[in-house]
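Contents: one structure, followed by commentary.
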Amino acid sequence: MKYVDFFKSLSGNQTSGVYLFDSEEEYLNTTLIEEAERKINIKDFNLIRIKGETDYESLKNSYETYPVMEDKKIIIWQNIDLSKDKVASYKEVLDELSKDLADFPAYATLMIFSDNKPFKGKFYKEVKKQGNIVEIERLNNRELRSFIGKRFLSKNKKISNQFIGEIVDRFSYLSYNSEVDLYEIVNSVDKIISNSNNEVITREDIEDQLDQVLNLSIFNLTDALSKKDTKTAMKTFLSMAKSGEDLFMVYHMIIRQIRILTTIKSLSQASYNDSFMMKTAKIGSFELKKAKDFIRNFSLDELIDINERLFDMEKRSKSENFDMKDELLKLIAFVGI
């Protein structure tokens with residue numbers, strides 16, 4: 001079962017039984033918990049929150065006790081770790097709960113949220129067989145655009161599809177192994193909304209807020225470098241340096257970007273398919289699409305020259321006289337030639 005399917009069932013009062021959430025997005029977990037809370041009127045009796053470790057008798061009592069003046073009750077068990085290394089700590093209660101799955105009360109919905117992805121062992125398999133596994137994956141490009149657009153609309157703000165696309169581009173959410181989550185996106189979008197005086201969001205509204213976020217600034221810098229847009233790259237870098245950002249981190253992010261472009265350029269010329277290129281460069285489809293656009297700005301020899309300069313910087317960075325800010329400014333100018 002996917003997030004959307006469960007949300008529809010929950011909203012329509014159609015849930016019953018045990019649901020184990022195999023989730024990659026804490027924000028979406030929270031939206032489900034909030035929706036569950038909205039569905040219950042008499043919360044003191046029919047909404048049970050269990051946080052952390054519990055014993056089987058307490059858990060069993062939570063779902064065997066009949067709801068009061070309502071047809072349903074919801075039990076939310078969270079702040080537990082059912083990952084491979086930790087699930088053994090809950091063995092006793094999970095083994096007993098597994099025995100109840102086949103005859104679980106129809107009036108009760110038990111939602112189980114693990115702090116880390118649950119181990120697909122005995123309990124997971126039992127729930128999959130007699131209950132429900134709810135898979136919550138990170139959003140893809142289309143879903144992320146829709147999510148952002150709806151967030152603006154919920155606050156009575158209008159935004160063009162073009163600007164939504166630019167917001168998506170300036171986050172690294174879609175990048176391979178990205179640590180950016182929906183909480184960060186929501187926080188940034190809400191800042192844009194709260195600081196906009198107009199019903200329709202403008203480019204200035206977006207840039208004024210997002211340029212203050214390091215995660216976006218570094219990707220703005222690498223994007224500008226990849227486009228050979230020296231003016232924008234210089235402006236972005238100097239702003240980051242002025243705000244006290246870690247310049248060695250910036251340096252390593254540039255190394256990563258140039259290595260991706262070099263890899264994709266080389267493999268593209270050799271006519272390898274997208275799947276092989278993503279695996280080799282360790283990137284996702286979104287980053288691959290961007291890289292394919294960027295490599296048009298460079299010959300393979302140019303990229304090799306930039307890699308050599310980066311390697312030389314790394315050797316010289318061990319010198320007492322190495323000035324990273326000055327070296328990065330020279331590098332930006334070199335890339336833009």
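Please work out the average accessible area per residue across the chain, using the 1.4 Å probe convention, and give it in Å².
54
Identify the GluC sites (Glu not before Pro) of the stretch 142-182 meeting these criteria: DSSP loop state and at most 16 other C-beta atoms within 10 Å of the C-beta.
Here the sparse-neighbourhood loop sites are 179.
Counting only helical runs of four or more DSSP H residues, what would the 222 nm mean residue ellipticity of the chain come to if each run contributes -39,500 (n - 2.57) and the total is spread over all its residues?
Per the formula, -18000 deg cm²/dmol.
Please label the shape of the stretch 276-337 as rounded, prolate or oblate, based on the square roots a ≥ b ≥ c of the eigenvalues of the alpha-carbon gyration tensor (a/c under 1.5 means rounded; beyond that, a/b larger than b/c means prolate, else oblate).
prolate
Mean Kyte-Doolittle of at least -1.0 plus a Cα span of 15 Å or more along the axis: flag which DSSP H helices in the chain meet both, please.
Helices meeting the criterion: 141-154, 182-194, 214-226, 230-242, 247-269, 300-316, 324-335.
Under unit Cβ charges (Lys, Arg +1; Asp, Glu -1), what dipole magnitude, rounded to 20 debye, does the stretch 120-269 have relative to its Cα centre?
I would put it at about 620 debye.
Going through the cross-link list 8/150; 43/120; 8/128, which pairs have a Cα-Cα distance over 24 Å in this structure?
Going by Cα-Cα distance, 43/120 fall outside the 24 Å limit.
Taking the dipole about the Cα centre of the chain, with the C-beta of Lys and Arg at +1 and of Asp and Glu at -1, give me whichever of 56, 230, 77 is farthest to the positive side.
Most positive-ward Cα: 230.
Give me the distance between the Cα centres of the stretch 1-61 and the stretch 85-132, rounded to whole Å.
13
With charges only on Cβ, +1 for K and R and -1 for D and E, what is the dipole size of the stretch 1-98 about its Cα centre, in debye, rounded to 20?
The calculated dipole for the stretch 1-98 is roughly 300 debye.
Roughly what would the spin-label model give for residue 322 and residue 88, points 7 Å off Cα along C-beta, in nm?
Each label point lies 7 Å from its Cα, and together they span 4.4 nm.
How big is the stretch 227-337 by Rg and Dmax over its Cα atoms, in Å?
Final numbers for Rg and Dmax: 14.8, 45 Å.
With a ≥ b ≥ c taken as the square roots of the eigenvalues of the C-alpha gyration tensor of the stretch 25-160, please select rounded if a/c is under 1.5 and otherwise prolate if a/b is larger than b/c or oblate if it is not?
Cα axes put the stretch 25-160 in the oblate bin.
Could you tell me whether the stretch 215-261 comes out rounded, prolate or oblate from its Cα gyration tensor? Rule is a ≥ b ≥ c as square roots of the eigenvalues, rounded for a/c under 1.5, then prolate if a/b exceeds b/c, otherwise oblate.
oblate
Of 240, 29, 271, which is farthest towards the positive pole of the chain's charge dipole, taken about the Cα centre with +1 and -1 on the beta-carbons of Lys, Arg and Asp, Glu respectively?
After comparing all options, I get 271.
Please go through the stretch 87-181 and write out the trypsin sites (Lys or Arg not before Pro) that DSSP classes as loop and that have at most 15 other C-beta atoms within 10 Å.
120, 155
What percent does the relative contact order of the chain come to when contacts are Cα pairs within less than 8 Å and at least six residues apart?
With pairs under 8 Å counted, the relative contact order is 16 percent.
Per residue of the stretch 41-53, what does 6.51 cos²θ - 1.76 cosθ + 1.60 with θ = phi - 60° give for ³J(HN,Hα)? Whole Hz please, x for Gly and Pro, Karplus curve as stated.
Going residue by residue, I get 8, 9, 5, 4, 10, 10, 10, 10, 10, 10, 10, x, 5 Hz, with x marking Gly and Pro.
I want to verify the translational diffusion coefficient of the chain in µm²/s; compute it with Stokes-Einstein, Rh as the Kirkwood radius over Cα pairs, at 37 °C and 0.692 mPa s.
Result for D is 141 µm²/s.
Over the stretch 88-134, with a single point scatterer placed on each C-alpha, what log10 of the ratio I(q)/I(0) does the Debye formula yield at q = 0.17, 0.19, 0.29 1/Å?
-0.49, -0.62, -1.41
Within the stretch 151-180, which chymotrypsin sites (Phe, Trp or Tyr not before Pro) sit in a loop by DSSP and count at most 16 neighbouring Cβ atoms inside 10 Å?
Those that pass, being in a loop and sparsely packed, are 176.
The values are calculated or read from the model by the stated rules, or taken from the named source; none is laboratory data. It should be emphasised that the depicted structure is a prediction, and the values quoted were computed from it without experimental measurement. Every residue, glycine as well, gets a Cβ built from its backbone with ideal geometry; the counts of neighbours run over all protein chains shown. When the accessible area is computed, the model is the full protein with side chains, heavy atoms only, and any ligands, DNA or RNA have been set aside. Shrake-Rupley method; radii C 1.70, N 1.55, O 1.52, S 1.80 Å.
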